[in-house]
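The values are calculated or read from the model by the stated rules, or taken from the named source; none is laboratory data. Keep in mind it's a predicted model, so treat the numbers as computed, not measured. Every residue, glycine among them, receives a Cβ derived from its backbone with ideal geometry; neighbour counts consider all protein chains shown. Calculation scope for accessible area: heavy atoms of the full protein, side chains included, ligands and nucleic acids excluded. Shrake-Rupley method; radii C 1.70, N 1.55, O 1.52, S 1.80 Å.
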Amino acid sequence: LVAIYLRSGHRDDRARGCVLPALGTDIARSSPKARRAFASKLDEMIDVIAGLLPGKSPKQARQIATSALATMMGSIALARAVGNKDLSDQILEAGRQALSGQSARRKAPVASDVPRPNDNFKENDHD
């Protein structure tokens, strides 16, 4: 999910990409009714992602899911906003690293680094 969301193709395809990063700032200035509707749908998304985290308590799963969504949406929003491809790519990579638990100092392999058969997406290819 993270590798697909935080890739340059998703960043660049604003017509078919996720609108949540752009909506966030607009919704914040909207009516209480619009903010409640947004919150309700976001809460549903958090629940869906939390459901993908077996072995975690419901509270832990929601915290991880909320953090992941915030990191992914923030990364896409900033990557789209900067207007500089190199910096934008660095932002996407930082988001992927943050969500993989891997920092610039620690180079332990993560599941997303393991090649899979018929996998057309390459971590360093970004499209």
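Structure above, values below:
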| read-out | value |
| --- | --- |
| Residue-count net charge about residue 50 - beta-carbon cut-off 11 Å; Lys, Arg +1, Asp, Glu -1 | 0 |
| Accessible surface ranking that places the most exposed of 25, 71 first, with a 1.4 angstrom probe | 25, 71 |
| Residue 52-residue 4 pseudo-label distance in nm [points 7 Å out on the Cα-to-Cβ vector] | 0.7 nm |
| Kirkwood hydrodynamic radius over Cα pairs of the stretch 31-95, then Stokes diffusion coefficient at 10 °C and 1.306 mPa s, in µm²/s | 119 µm²/s |
| Cα coordinate range in the stretch 18-57, projected on the principal axes (Å, largest first) | 38, 19, 11 |
| Cβ-derived FRET efficiency at R0 25 Å, residue 97 paired with residue 37, nearest 0.05 | 0.15 |
| Using a Förster distance of 30 Å, the FRET efficiency for residue 89-residue 19 (Cβ separation, nearest 0.05) | 0.90 |
